[in-house]
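Read the structure below first, then the notes.
The values are calculated or read from the model by the stated rules, or taken from the named source; none is laboratory data. Computed from a prediction, not measured in an experiment: that's the story for all the values here. All Cβ positions, glycine included, derive from the backbone under ideal geometry; neighbour counts span all protein chains shown.
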Amino acid sequence: MILPISNAKERFKHALFTISLVSATWYSTSTIAQTPKHSIVQGSQWGVGVGIVSNQKAYKDIARDTLIIPIITYENPYIRWFGTNLDIKLPSYDMSHSQQIDFSLSADYDLGSGYDNSEARDTPILNDMDERKGVFALGAKMHWVNPWVDVSAQWMFDVSGDREGNRAKLGFEKKWMFGNHVMLSPRLMLTWQDDHFVDYHYGVRAHEVRSDRPAYRGESSLNIEYGLRSAYMFDKQNAMMLNVGVSQLGSAIKDSPLVDSSTENTLFFIYMHTF
């Protein structure tokens, strides 16, 4: 069956978002067995793979989105590219042989939040709502690798003008290796979204009001994600990973008339080969 052009474009957007979604997780998997001083990429490194991703948003009666996608990555000592995300590496700070803080500037086309026209048509509570588009965001990242709990921080802001929102993330992750091949890594991620971000994606504007969809103006929110990542490394070039994450939504999102769930969840499986 051939999809209409508009639907094909929307599915392509979902695929781009999904590739962006897995980028940070795959990067940390690719350096699992390395100490900070040996995690710096020498020369250029390409990667290709395939991913199966299933994502459930909190909008009332919205269908679960499952995709099979190709993945291409590229990294050298100065940049890291994965899907819709590009990091420009800044000088790292070596605290000791086992501790290092990495810094980078980041650019990302965010397609993960909100909904497109296809989802609005297929989801009753979103019928006749304006599309909540993806936006281009810039920001900065920090990743502290240490023997106890890896800590990451990120701040991103919208530069495309659609929502003018800001997001900040603080993550904690602990990796355990079992032999040379198996890794388990639980994580806790705190995500703060300002009022512009929440209102854009979960608010109801005056012209969108109907009897079962009252006007709503979103406020800032703090989401909490619990996740578990597992990986099996066949060798230094081939690995597969399963990642499960559940996000507990803040009250400003749960109170939206568009939402009927207090959580969102994502599951994805990836196989990657690096050159």
Condition first: under 30 Å from residue 214 (Cβ atoms), in a helix (DSSP H, G or I) and modelled with pLDDT under 95. Can you find one or more residues in the range 132-152 that meet it?
no
Among 94, 128, the single one that is in contact with a Lys or Arg (Cβ under 9 Å, 6 or more places away or on another chain), in a loop (DSSP other than H, G, I, E, B) and surrounded by fewer than 18 Cβ atoms within 10 Å (Cβ to Cβ) is 128
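For the range 52-79, name all the residues that are in a loop (DSSP other than H, G, I, E, B) and of a type outside the set (A, V, I, L, M, F, W, C).
Residues satisfying the conditions are 57, 60, 61, 64, 76, 77, 78.
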Looking at the range 73-87, which of its residues are surrounded by 13 or more Cβ atoms within 10 Å (Cβ to Cβ) and of a type outside the set (S, T, N, Q)?
74, 75, 79, 80, 81, 82, 83, 86, 87
Identify, from the list 263, 274, the residue that is closer than 25 Å to residue 125 by Cα and of a type outside the set (Gly, Ala, Ser).
263
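For (1) free of Cβ contacts under 8 Å to residues at least 60 places away in the same chain; (2) crowded, with 16+ Cβ neighbours inside 10 Å, each residue gets a yes or a no:
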residue: 191; (1), (2): yes, yes
residue: 206; (1), (2): yes, no
residue: 231; (1), (2): no, yes
residue: 247; (1), (2): yes, yes
Scanning the range 162-182 residue by residue, those surrounded by fewer than 17 Cβ atoms within 10 Å (Cβ to Cβ) and either part of a strand (DSSP E or B) or out of contact with any strand residue (DSSP E or B) (no Cβ under 8 Å at 6 or more places or on another chain) (or both) turn out to be 168, 170, 172, 176, 177, 178, 179, 182
Could you tell me how many of the residues in the range 218-269 are within 18 Å of residue 175 (Cα to Cα), part of a strand (DSSP E or B) and of a type outside the set (Phe, Trp, Tyr)?
14
Look at residue 86 and say whether it is modelled with pLDDT of 90 or more, within 22 Å of residue 268 (Cβ to Cβ), in a strand (DSSP E or B) and among the hydrophobic types (A, V, I, L, M, F, W, C).
yes
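Those residues that are aliphatic (A, V, I, L, M) and either touching a residue at least 60 places away in the same chain (Cβ under 8 Å) or within 21 Å of residue 216 (Cβ to Cβ) (or both), I need them from the range 92-125; list them, please. Spell out how you get there, then give the answer.
Narrowing the range 92-125 to residues aliphatic (A, V, I, L, M): 95, 101, 105, 107, 111, 120, 125.
Hits for the range 92-125 are 111, 120, 125.
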When you look at residue 109, is it touching a Phe, Trp or Tyr at 6+ places or on another chain (Cβ under 7 Å) and crowded, with 19+ Cβ neighbours inside 10 Å, yes or no?
no
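Residue 65 - would you say it is among the acidic types (Asp, Glu) and touching a strand residue (DSSP E or B) at 6+ places or on another chain (Cβ under 6 Å)?
Details: among the acidic types (Asp, Glu): yes; touching a strand residue (DSSP E or B) at 6+ places or on another chain (Cβ under 6 Å): yes.
It is true that residue 65 is among the acidic types (Asp, Glu) and touching a strand residue (DSSP E or B) at 6+ places or on another chain (Cβ under 6 Å).
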From (1) over 20 Å from residue 152 (Cα atoms); (2) crowded, with 20+ Cβ neighbours inside 10 Å; (3) touching a residue at least 40 places away in the same chain (Cβ under 8 Å); (4) in contact with a helix residue (DSSP H, G or I) (Cβ under 6 Å, 6 or more places away or on another chain), pick out the condition that doesn't hold for residue 218.
(3)
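Which is of a type outside the set (Lys, Arg), more than 20 Å from residue 53 (Cβ to Cβ) and touching a strand residue (DSSP E or B) at 6+ places or on another chain (Cβ under 9 Å), of 235, 199?
Values: 235 fails: touching a strand residue (DSSP E or B) at 6+ places or on another chain (Cβ under 9 Å).
Going through 235, 199 in turn, the sole match is 199.
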